[in-house]
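The values are calculated or read from the model by the stated rules, or taken from the named source; none is laboratory data. Worth saying up front: this structure is predicted, and the values here are computed from it rather than measured. Backbone-built Cβ (ideal geometry, glycine too); neighbour counts: all protein chains shown.
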Amino acid sequence: MKLLVTGGAGFIGSAVVRRAIADGHQVVNVDALTYAACLDNVASVSSSPAYAFERADIRDGAALARIFAAHRPDAVMHLAAESHVDRSIDGPAEFIETNINGTYQMLEAARSYWQDSGRPEGFRFHHISTDEVFGSLPNDPSVKFTEDTPYDPRSPYSASKAASDHLVRAWHETYGLPVVLTNCSNNYGPFHFPEKLIPVIILNALAGKPLPIYGDGSNIRDWLFVEDHADALLLVVEKGAVGRSYNIGGENERSNLELVKTLCSILDAKRPKADGSYADQITFVTDRPGHDARYAIDPSRIRAELGWRPSVTVEEGLERTVAWYLDNEPWWRALQTRAGVGQRLGKAS
């Protein structure tokens with residue numbers, strides 16, 4: 001299968017690209033190379049004859065039309081997006097432009113290509129989204145997000161992703177475009193851009209800096225190892241039912257404080273400090289506006305229909321993640337000069 005992957009130089013996108021090439025697919029990586037993208041993420045497959053790269057903005061309809069015509073993909077995996085909640089609070093305009101208008105341009109380019117190609121039955125437009133579109137959950141283990149949970153986005157980021165989900169469903173219902181959708185829980189793992197919680201904690205710990213935790217650290221997330229996510233996404237684009245959505249969760253709920261303490265314990269074992277524990281650097285900071293209390297996904301549908309389950313626990317995944325950052329300092333050092341990296345964003349104005 002030839003896959004057109006948008007955002008393939010980003011964190012999740014690059015994991016999809018690497019896995020797709022390993023699985024024998026052809027991949028066209030379309031990426032604008034904005035601040036969070038890094039072609040080093042796909043360096044291991046960039047010399048493969050099955051890999052091609054196109055630098056383009058998903059908001060550029062003419063560029064997208066050219067790329068579809070030149071490469072003639074069998075399926076689209078649309079991952080390109082602005083994704084950092086804190087940045088969406090500081091500057092929502094980029095999120096509206098990329099996540100909503102960019103998805104519209106992708107849908108129109110894909111629809112035109114699909115129609116001009118005779119509406120092939122096997123074509124798929126796979127839209128990759130987030131569980132944040134569902135809002136916040138109470139601290140009750142029996143309550144989780146399902147595919148039927150009403151949308152209730154609380155941040156500019158989640159609102160922009162909710163809008164893009166609705167556009168994809170509308171293009172399926174109105175124009176017949178064969179789509180599948182996925183909504184995932186919080187990803188982590190190798191090549192995670194150093195602005196999100198886990199890489200920030202690892203790198204701040206190593207640098208002897210404070211480890212910032214919003215509020216009292218009680219916010220709960222369902223953690224999904226990025227390589228498990230990539231496997232699930234490829235399974236959905238190949239075997240998911242047209243028009244269907246699938247929630248992809250790690251089945252690994254942890255509070256932010258629990259997660260950070262686990263990271264500190266792993267670092268204590270792998271690179272001990274001269275004195276004390278990395279946990280001594282934990283600092284509680286003022287919570288960000290609209291911070292959702294809990295996310296948790298019920299992955300019953302993808303388990304029952306496609307046979308997918310996560311392969312690692314959060315403890316196993318964090319061990320692998322910390323080891324990767326310790327072994328790949330040149331990768332993250334090169335990114336630390338980029339705007340906003342390592343800083344707290346999203347403060348209330």
- Among the residues of the stretch 170-220, how many are of a type in the set (Gly, Ala, Ser) and either part of a helix (DSSP H, G or I) or under 14 Å from the mean Cα position of the chain (by Cα) (or both)? 5
- Task: Scan the stretch 151-167 and give yes if some residue there is in a helix (DSSP H, G or I), among the basic types (Lys, Arg) and either surrounded by 21 or more Cβ atoms within 10 Å (Cβ to Cβ) or within 20 Å of the chain's Cα centre (by Cα) (or both), otherwise no.
- Result: yes
- Message: Within the stretch 98-112, does at least one residue satisfy the condition of being within 17 Å of residue 184 (Cβ to Cβ) and of a type in the set (S, T, N, Q)?
- Response: yes
- Task: Scan 14, 47 and give me the residue that is more than 21 Å from the chain's Cα centre (by Cα) and of a type in the set (S, T, N, Q).
- Result: 47
- Query: Of the numbered conditions (1) touching a strand residue (DSSP E or B) at 6+ places or on another chain (Cβ under 6 Å); (2) surrounded by fewer than 21 Cβ atoms within 10 Å (Cβ to Cβ); (3) of a type in the set (A, V, I, L, M, F, W, C), residue 211 satisfies every one except a single condition; which is it?
  - Reply: (2)
- Query: Is it fair to say residue 194 is over 30 Å from residue 4 (Cα atoms) and in contact (Cβ under 8 Å) with a residue 60 or more places away in the chain?
  - Reply: no
- Task: Being of a type in the set (A, V, I, L, M, F, W, C), surrounded by 14 or more Cβ atoms within 10 Å (Cβ to Cβ) and within 19 Å of residue 230 (Cα to Cα) is the filter here, so list the residues in the stretch 297-340 that pass it.
- Result: 297, 302, 306, 308, 312, 314, 318, 324
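Residues are listed down the side, and each one gets a yes or a no for (1) crowded, with 21+ Cβ neighbours inside 10 Å; (2) touching a Gly at 6+ places or on another chain (Cβ under 6 Å); (3) aromatic (Phe, Trp, Tyr); (4) within 25 Å of residue 329 (Cα to Cα):
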site: 12; (1), (2), (3), (4): yes, no, no, yes
site: 20; (1), (2), (3), (4): yes, no, no, no
site: 26; (1), (2), (3), (4): no, no, no, no
site: 32; (1), (2), (3), (4): no, no, no, yes
site: 43; (1), (2), (3), (4): no, no, no, yes
site: 65; (1), (2), (3), (4): no, no, no, no
- Message: It is to be established whether one or more residues within the stretch 129-142 are in contact with a helix residue (DSSP H, G or I) (Cβ under 6 Å, 6 or more places away or on another chain), of a type in the set (Asp, Glu) and closer than 19 Å to residue 180 by Cα.
- Response: yes
- Determine, yes or no, whether residue 9 is in contact with a Cys (Cβ under 9 Å, 6 or more places away or on another chain) and either small (Gly, Ala, Ser) or more than 26 Å from residue 231 (Cβ to Cβ) (or both). yes
- Query: Scanning the stretch 105-137 for residues that are of a type in the set (Phe, Trp, Tyr) and within 19 Å of the chain's Cα centre (by Cα), which turns out farthest from residue 172 (Cα to Cα)?
  - Reply: 134
- Working only within the stretch 125-148, note down all residues that are in a loop (DSSP other than H, G, I, E, B), polar (S, T, N, Q) and closer than 30 Å to residue 17 by Cβ. 146
- Filter result (β-branched (Val, Ile, Thr) and under 18 Å from the mean Cα position of the chain (by Cα)) within the stretch 60-88: 76, 85
- Query: Can residue 133 be described as at pLDDT below 95 and buried (at least 16 other Cβ atoms within 10 Å of the Cβ)?
  - Reply: no
- Failed condition for residue 278, given (1) more than 18 Å from the chain's Cα centre (by Cα); (2) of a type outside the set (A, V, I, L, M); (3) surrounded by fewer than 21 Cβ atoms within 10 Å (Cβ to Cβ): (3)
